[in-house]
Amino acid sequence: MTKIRRVVHLLLTTQLTNREIAASVDISKTTVTRYRHIAQEKGYEWAELELLADGAFEAKFNKMPRTLTRRRMPDFAFVHAEMQRPSVTLQLLWDEYRAPDPINALSYSQYTEHYRRFVKSIDRVMRQRHVPGEKLFVDFSGRKPGYTNPNTGEWIPMELFVGVLGASNRTYAACVPRQTISFWIAVHVEMFKFLGGVPRILVPDNLKAAVIRLGADFITNATYAEMAEHYGTVIVPTRTYKPRDKAKVEGGVLIVQRWILARIRNRSFFSASELNAAVLELVRELNERPFKRLEGSRMSRYEEVERAAMLPLPAQHYEFGEWTASLRVDNSYHVLVKGHWYSVPNHLVGQQVLVRFTASTVEVFHNHVRVASHMRCNEPGGLSTVPQHQPDAHRAYGDRTPENFRSWPTKVGPSTTAIVEAQLARSVPALGFPACDSLRKLVQQHGATEVDAASTRAVEIHSLKSVRSLLNTQRHRGRRE
């Protein structure tokens, strides 16, 4: 989903502020404010905008395409370290920073102002106030539990996933085989079920299943972003090299390690499900355990202050789907996905499309608009073709099957049906297709009644090829009289 689509979707379907949306999508608050004014002034509805192609969508909000440009920012941690060295000045460091690309460099006054702000921020700790229902911090534990394969005796390590709500500290934990995107998504779906709601913001660490490009211009994994969109939440990952951003989840991980892993250290498990059952039971105990310095427990605090603020679960849980890279539609108006060919409308030949596939479906998108949908098929080299996607000539040729040839003469008459059946009774049914085509043309020229009468006479004289001759000479009429 493009940035402008994401911004407008959040504006029209959530209660997030302009500042929160700007932080989530990584654009300026001014731009978000402008889009909100346009949407309100025009009375736009997301259900209508969602169906538009990318160009038409952007035209609703921007008169001309605009490119967001940024000045190249220096690494002020490096600058600060260099400033501790003798005889090094900000002027010298600015000259060195500016030399490779003067056009995209900060001016000297901007450079010094940013540096002063950086120095002021060093070693400052902000005590965060967590709004109920706002943030859920998620990460994997560094320590791994595991189970023993009962057949081989091999110890199988598992990844321990931990999620902690910001306001109530209610905790969720589960074990998955690997840190891949499929398990990352699956454990989120189970976590939302466990919590009975969805936070407004997900705060993951910068693992590959969540973020594919780090830094200020971070890019979220497309499948993870799609899952978040399904649940109506947004993703704001922690900043790189800012461990205090994820203090909540790291504290939660430490508690889980002490409360859960320490308690099961001497227990033996022989399957992943058995291990997860033990972890889930200990998670419930942890959430019911009274606080030491506060009244109540994680669970009671969740019920009192956070449950009502959570977003409701959607009617259907998210079905994990993978996205392909951009694919070019070949001359056969099909695209290849996991070894199987799926059709798209033939006018898209030569165009680039994206494909999303789940365990049961395959969807094809062109300019963000879905143009084709198929049931998933795992037949290697097979074809899934929708007749409406074919050119007229291809569709007509595709209708040439024994089943279709057997169905049409029933509307003409029994004698015509008998001739068609005789033609299709050959060792290779396709050899009878030309004769069947000829009968169809005769029906169009002479009508069903005349053709069936001629067919009756042809059957009587055991000359299946004489139907056309009988019609041309009118001899079948005399026989009827």
Exercise. Of the residues that sit in region 305-333 and are in contact (Cβ under 8 Å) with a residue 24 or more places away in the chain and over 21 Å from the mean Cα position of the chain (by Cα), which one is farthest from Thr358 (Cα to Cα)?
Worked result: Val305
For this session: With respect to Glu154, determine if the residue is surrounded by 17 or more Cβ atoms within 10 Å (Cβ to Cβ) and acidic (Asp, Glu).
Result: no
Problem set entry | Every residue from region 37-65 that is closer than 19 Å to Val371 by Cβ and among the aromatic types (Phe, Trp, Tyr) | Phe57
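Could you list, in sequence order, all residues of region 140-175 that are assigned to a strand (DSSP E or B) and more than 25 Å from Gly196 (Cβ to Cβ)?
Of all residues in region 140-175, those assigned to a strand (DSSP E or B) come to 140, 146-148, 155-157, 159-165, 171-175.
Of everything in region 140-175, those that are assigned to a strand (DSSP E or B) and more than 25 Å from Gly196 (Cβ to Cβ) turn out to be Gly146, Tyr147, Thr148, Trp155, Ile156, Pro157.
Can you say whether Glu41 is over 16 Å from His230 (Cα atoms) and in contact (Cβ under 8 Å) with a residue 24 or more places away in the chain, as far as the supplied structure shows?
On the way: over 16 Å from His230 (Cα atoms): yes; in contact (Cβ under 8 Å) with a residue 24 or more places away in the chain: no.
Spelling it out, it is not the case that Glu41 is over 16 Å from His230 (Cα atoms) and in contact (Cβ under 8 Å) with a residue 24 or more places away in the chain.
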Seminar exercise, completed: Within region 244-264, of all residues that are touching a helix residue (DSSP H, G or I) at 6+ places or on another chain (Cβ under 8 Å) and outside any helix (DSSP H, G or I), the one modelled with the lowest pLDDT is Arg263
Seminar exercise, completed: Checked Asn346, Asn367 against criteria (polar (S, T, N, Q), within 26 Å of Ala53 (Cβ to Cβ) and either under 16 Å from the mean Cα position of the chain (by Cα) or surrounded by fewer than 17 Cβ atoms within 10 Å (Cβ to Cβ) (or both)); the one match is Asn367
Exercise. Which ones in region 323-358 are of a type outside the set (A, V, I, L, M) and more than 18 Å from Cys377 (Cα to Cα)?
Worked result: Ser326, Arg328, Asp330, Asn331, Ser332, Pro345, Asn346, His347, Gly350, Gln351, Gln352
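Quick check, is Pro409 in a helix (DSSP H, G or I), over 30 Å from Gly339 (Cα atoms), within 51 Å of the chain's Cα centre (by Cα) and without any contact (Cβ under 8 Å) to a residue 12 or more places away in the chain? Talk me through it step by step, then tell me what you get.
Working: in a helix (DSSP H, G or I): yes; over 30 Å from Gly339 (Cα atoms): yes; within 51 Å of the chain's Cα centre (by Cα): yes; without any contact (Cβ under 8 Å) to a residue 12 or more places away in the chain: no.
No, not satisfied.
Taking Gln128, is it surrounded by 12 or more Cβ atoms within 10 Å (Cβ to Cβ), more than 20 Å from Val283 (Cβ to Cβ), out of contact with any Cys (no Cβ under 8 Å at 6 or more places or on another chain) and modelled with pLDDT under 90?
Details: surrounded by 12 or more Cβ atoms within 10 Å (Cβ to Cβ): yes; more than 20 Å from Val283 (Cβ to Cβ): yes; out of contact with any Cys (no Cβ under 8 Å at 6 or more places or on another chain): yes; modelled with pLDDT under 90: yes.
So Gln128 passes the test.
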For this session: Tell me which residues, restricted to region 269-296, are touching a strand residue (DSSP E or B) at 6+ places or on another chain (Cβ under 7 Å) and surrounded by fewer than 11 Cβ atoms within 10 Å (Cβ to Cβ).
Result: Pro290
For this session: Consider only pairs whose beta carbons are under 6 Å apart and that are at least six residues apart or on different chains; among these, list those whose first residue lies in region 198-216 and is surrounded by 20 or more Cβ atoms within 10 Å (Cβ to Cβ) and whose second residue is of a type in the set (Phe, Trp, Tyr) and modelled with pLDDT under 75.
Result: Val211/Phe218
Exercise. So how many residues does region 82-99 have that are modelled with pLDDT of 90 or more and part of a loop (DSSP other than H, G, I, E, B)?
Worked result: 1
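The values are calculated or read from the model by the stated rules, or taken from the named source; none is laboratory data. Note that this is a predicted model, so its numbers are computed, not measured. Note that we place each Cβ from the backbone using ideal geometry, even for glycine, and neighbour counts take in every protein chain shown.
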